[in-house]
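Below: one structure, written as structure tokens.
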Amino acid sequence: MNTAAIPDLAARRRALDPARSFIAQAPAGSGKTELLIQRYLRLLACVEHPEEIVAITFTRKAAGEMR
């Protein structure tokens, strides 16, 4: 991956920090669902009970991708 081609790379990395909460707002096709999935997987590695994690998305398509 060419990291120079991703202008918001630092913000994406901060969003993966399990010690922080975040909101992702961006245009369609910008990678919000992928970011949410990456964060969800990272959080799963940090908790004993998966039900401790809350993730919200507002589209059926994104919810399907997360499943």
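Residue pairs whose Cβ atoms lie under 7 Å apart, sitting 6 or more positions apart in sequence or on different chains, and linking a residue in region 13-27 that is within 18 Å of V54 (Cβ to Cβ) to a partner that is of a type in the set (S, T, Y) and not in a loop (DSSP other than H, G, I, E, B), do not occur here. Under the condition of being in contact with a helix residue (DSSP H, G or I) (Cβ under 7 Å, 6 or more places away or on another chain) and either in a helix (DSSP H, G or I) or among the acidic types (D, E) (or both), the residues counted in region 19-35 number 2. Scanning region 25-52 for residues that are open to solvent by 80 Å² or more (accessible area, probe 1.4 Å), touching a Pro at 6+ places or on another chain (Cβ under 9 Å) and within 27 Å of A5 (Cβ to Cβ) yields a count of 1. Cβ-Cβ contacts under 8 Å between residues 6 or more apart (or on different chains), taken from a first residue in region 33-58 that is under 16 Å from A19 (Cα atoms) to a second residue that is surrounded by 13 or more Cβ atoms within 10 Å (Cβ to Cβ) and small (G, A, S), are listed as L35/A15; L35/A24; L36/A24; L36/A62; R39/A15.
The values are calculated or read from the model by the stated rules, or taken from the named source; none is laboratory data. Here the structure is a predicted model, which is why all the values come from computation and not from measurement. Ideal geometry is used to build each Cβ from the backbone, glycine not excepted, and the neighbour counts take in all protein chains shown. Side chains included, ligands, DNA and RNA excluded: accessible areas come from the protein's heavy atoms. Shrake-Rupley method; radii C 1.70, N 1.55, O 1.52, S 1.80 Å.
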